[in-house]
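Q: Got a structure for you, questions after.
The values are calculated or read from the model by the stated rules, or taken from the named source; none is laboratory data. A quick note: this is a predicted structure, and the numbers were derived from the prediction, not measured. Every residue, glycine as well, gets a Cβ built from its backbone with ideal geometry; the counts of neighbours run over all protein chains shown. Each accessible area value is taken on the protein alone, full model and side chains, heavy atoms only, with ligands, DNA and RNA left out. Shrake-Rupley method; radii C 1.70, N 1.55, O 1.52, S 1.80 Å.
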Amino acid sequence: MRSDERGMSNVLVTLMIMPVLLFLAFAIVPFFVYAMKANHLNTIANHALKEAEAVGYVSTEVRGRLGGRLAALGMGPVAAGGVTYPSFTGSTEALVLRDAPDPTVKLELIYPAPNLTRIVRAIRGGGGGSEHEGFYHIVLYGRSEAYE
């Protein structure tokens, strides 16, 4: 093989491989966004749990501060399927005292997750077309520190 033929084959291989590598490099970004949002939600939920432990339940003030922190990170209220998120369904809503037989305070946070299946559809894979296909669902338990 002559040297000019080898150079041309290198160019052809590069032209075929580079688009695939670029696609893979940019496809990783949504996965990092998904993971970073999950990390932020966990951190904020842990702060809210500490506040809920202090008062003995997930109060409207705790929910409001949690919503404010989420909004400051660009994850404000979202309506999906007729439900407004963040949702606290399942959280402790009644006062639980420190001396109760079960002093557990539960914080349950549900928030829509980014749609990751668009990447799969881009490479001819299956994937739904809904705007929000999944949800972050964080459930944390703590011990009430509230007195009478």
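Q: If a residue must be open to solvent by 10 Å² or more (accessible area, probe 1.4 Å) and either more than 15 Å from PHE88 (Cβ to Cβ) or β-branched (Val, Ile, Thr) (or both), how many such residues does the stretch 54-66 contain?
A: 3
Q: Now for a different question. Report yes if ASN115 is under 15 Å from the mean Cα position of the chain (by Cα), closer than 27 Å to PHE32 by Cβ, open to solvent by 60 Å² or more (accessible area, probe 1.4 Å) and in contact (Cβ under 8 Å) with a residue 12 or more places away in the chain, otherwise no.
A: When the stated conditions are applied, ASN115 does not pass them.
Q: Additional query: Considering (1) surrounded by 15 or more Cβ atoms within 10 Å (Cβ to Cβ); (2) over 16 Å from the mean Cα position of the chain (by Cα); (3) of a type in the set (Asp, Glu); (4) modelled with pLDDT under 90, say which one GLU133 fails and leave the rest.
A: With respect to (1) surrounded by 15 or more Cβ atoms within 10 Å (Cβ to Cβ); (2) over 16 Å from the mean Cα position of the chain (by Cα); (3) of a type in the set (Asp, Glu); (4) modelled with pLDDT under 90, GLU133 is out only on (2).
Q: Oh, and also: Taking the stretch 11-32 as the region of interest, how many residues are surrounded by 12 or more Cβ atoms within 10 Å (Cβ to Cβ) and within 23 Å of the chain's Cα centre (by Cα)?
A: Selection size over the stretch 11-32: 3.
Q: Can you tell which of PRO86, PRO77, PRO101 is modelled with pLDDT of 90 or more, open to solvent by 40 Å² or more (accessible area, probe 1.4 Å) and touching a strand residue (DSSP E or B) at 6+ places or on another chain (Cβ under 8 Å)?
A: PRO77 is the lone residue from the list that is modelled with pLDDT of 90 or more, open to solvent by 40 Å² or more (accessible area, probe 1.4 Å) and touching a strand residue (DSSP E or B) at 6+ places or on another chain (Cβ under 8 Å).
Q: Looking at (1) open to solvent by less than 30 Å² (accessible area, probe 1.4 Å); (2) closer than 28 Å to ASN115 by Cβ; (3) not small (Gly, Ala, Ser), which is the only condition VAL96 fails?
A: So the condition that VAL96 fails would be (2).
Q: Restricting to the stretch 19-71, count the residues that are free of Cβ contacts under 8 Å to residues at least 12 places away in the same chain and within 20 Å of LEU97 (Cα to Cα).
A: 3
Q: Next question. Can you say whether ARG69 is modelled with pLDDT of 90 or more, assigned to a helix (DSSP H, G or I) and open to solvent by 30 Å² or more (accessible area, probe 1.4 Å), as far as the supplied structure shows?
A: Here the answer is yes, as ARG69 does meet what is asked.
Q: Additional query: Is there any pair with a first residue in the stretch 88-99 that is among the aromatic types (Phe, Trp, Tyr) and a second that is not in a loop (DSSP other than H, G, I, E, B) whose Cβ atoms are under 7 Å apart and which are 6 or more apart or on different chains, and what are they?
A: PHE88/ARG63; PHE88/GLU108; PHE88/LEU109
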